[in-house]
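For reference, the structure is listed below as structure tokens.
Nothing in this text is a laboratory measurement; each read-out follows from the coordinates by a stated rule. Nothing here was measured: the structure is a model prediction, and the numbers come from that model. We place every Cβ from the backbone using ideal geometry, glycine too, and count neighbours over all the protein chains shown.
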Amino acid sequence: MKSFRMALLGTALLAAAPALAQPAPAAGGPPARGERGPGAIFNQIDRDRDGKVTWDEAWVYVQQRFTTADRDHDGGLTQEELAAAFPRRGQAGAQTPADRGQGAGRTQMLGMMFRGLDANRDGKVTLEEIRPAAEARFRGFDANGDGAVARDELPRRPRHHRHGHGQGQQPAPAQGGEAPAARPPG
């Protein structure tokens, strides 16, 4: 999950919190040069620059992202508007799990996100439908329960190792010359 992002449109994406949690140029200024992911979004949401994001700051950000995504300004996002709010991989701001998917997989992920947010099944997602997901997401980030998310409460990106054992490979033989016994699949 590479998003504080996912701030606050919602996932599970929820999901839309994430969609809306993508960087928005007008929300708190541009990220520092080269900064990406949760830290860059954190900086945009932390409007008073106190090192913490409150629910009020997060909700303002979600509303701004919603307004930007609502291209026809009717107060609801269609699945197409939601998809447009998630740039594809390689485009600026592509940071969510849906962004990393390609083709049909990306479309399927966005469809799941949309259906999860469209509580009344009317084909549009409103701010009222997004708010519970965004609040739940915010509470999930607020590890110490103080009502604010500090930078150290953001999820860490997993480290990717270039070296290591791939699936199905045996570890190098131990000093005694025998490889350890393989574990049974399970």
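Per-structure values
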read-out	value
Cβ crowding within 10 Å averaged over residues, with 105-112, 77-84 ranked highest first	77-84, 105-112
For Val53, distant residues with modelled amide H under 5 Å away	Val149, Ala150
Protection proxy ranking, peptides 50-60, 127-137, average beta carbon neighbours within 10 Å, highest first	127-137, 50-60
Centroid-to-centroid separation of the range 115-135 and the range 140-157 [C-alpha atoms, Å]	24 Å
